[in-house]
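Worksheet: the structure to be examined is printed underneath.
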Amino acid sequence: MTRAARAASWIAEALSTGRPLAALPPEMAPRGRAEGERVALAVLDELGIAPCGLRLLHGAVGPMIEARLLPDGATAAPLRHPVATAALVGVLAESLRPDEDERPRLAALHAAIDIADHRFTHPPEARGARVADLNGLGFVIAGPPVDIPPGEFTLHGKPLPARDILAPVAAEARRLGGLPAGALLIAAGLSDPLSAEDGVVTVDFGAAGRISARIS
């Protein structure tokens, strides 16, 4: 078994059982971003899960999975180390090809809350390990499709250029081979960490509405 396969097996077990994971031993830990990306995809292969898009957080990407996408007002659980931030979700109107560089055509835009998490007992310091752990995917809470021009998005009263924000996610998707029509582009970390009041986090997206999630 390769080092990537061994690391994927450990992380897949933590995802499926909910039990915390000790730090990956040096002989197994991914060496850098590229190896971490391969491990993340191997984790989904081991679990028999197909990714439904790509999520960007803090300059790194990881696969999005449908079971971790919840509607506005939902309870996000279980979580061990939640960090909630504002996010945007774009639904591709057509496939993204790796040999193109145009801005993606979007079928829909959603205001969202990203709730990052990790499967380790302590936050992984190495970038490869963070990326391998699905880049800290917890849950994404998305509101309904927004029927306003992308240029009219705001976040707590400040302009939020939706297409510019999603462009780097599209570029990363192309680097990794592209995405089909209907796949999701998710840009997370668009705000400072959100504080919960009585277990609920809320973000005001102006004309796009308010999005809330209960963290449990």
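Short-range pairs are left out: with C-alpha atoms under 8 Å and at least six residues apart, the relative contact order of the stretch 115-214 is 26 percent. For Thr2, Thr17, the ranking by accessible surface with the largest value first comes to Thr2, Thr17, using a 1.4 Å probe. Residues in the stretch 85-216 average 45 Å² of solvent-accessible surface per residue, probe 1.4 Å, ligands and nucleic acids excluded. What is the sum of charges, Lys and Arg at +1 and Asp and Glu at -1, for the other residues whose Cβ falls under 15 Å from the Cβ of Ala107? Local net charge: +1. Relative contact order, percent, of the chain when contacts are C-alpha pairs under 8 Å separated by at least 6 residues? Normalised by residue count, the contact order of the chain is 28 percent. For the chain, carbon and sulfur atoms together expose 53% of the accessible surface, with a 1.4 angstrom probe and every protein chain in place.
Once the dipole of the stretch 1-108 is set up with Lys and Arg at +1 and Asp and Glu at -1 on Cβ about the Cα centre, which of Leu88, Ala77, Leu54 lies farthest towards its positive end? Going by the Cα projections, it comes out as Ala77. Using equal-weight Cα scatterers in the Debye expression, the normalised intensity of the stretch 100-189 in log10 at q = 0.21, 0.23 Å⁻¹ is -1.17, -1.27. Remark on the stretch 53-128: ratio of C-alpha radius of gyration to 2.2 N^0.38 Å is 1.28.
When both bridge partners sit in the chain, DSSP labels roughly 75% of those beta bridges antiparallel.
Once the convex hull of all Cα atoms in the chain is built, its volume per residue stands at 112 Å³. Based on the alpha-carbon gyration tensor of the stretch 3-109 and its eigenvalue square roots a ≥ b ≥ c, which shape applies: rounded if a/c is under 1.5, prolate if not and a/b is larger than b/c, or oblate? Oblate.
The values are calculated or read from the model by the stated rules, or taken from the named source; none is laboratory data. Computed from a predicted structure; not experimentally measured. All Cβ positions, glycine included, derive from the backbone under ideal geometry; neighbour counts span all protein chains shown. The accessibility values were calculated without ligands, DNA or RNA, using every heavy atom of the protein model including side chains. Shrake-Rupley method; radii C 1.70, N 1.55, O 1.52, S 1.80 Å.
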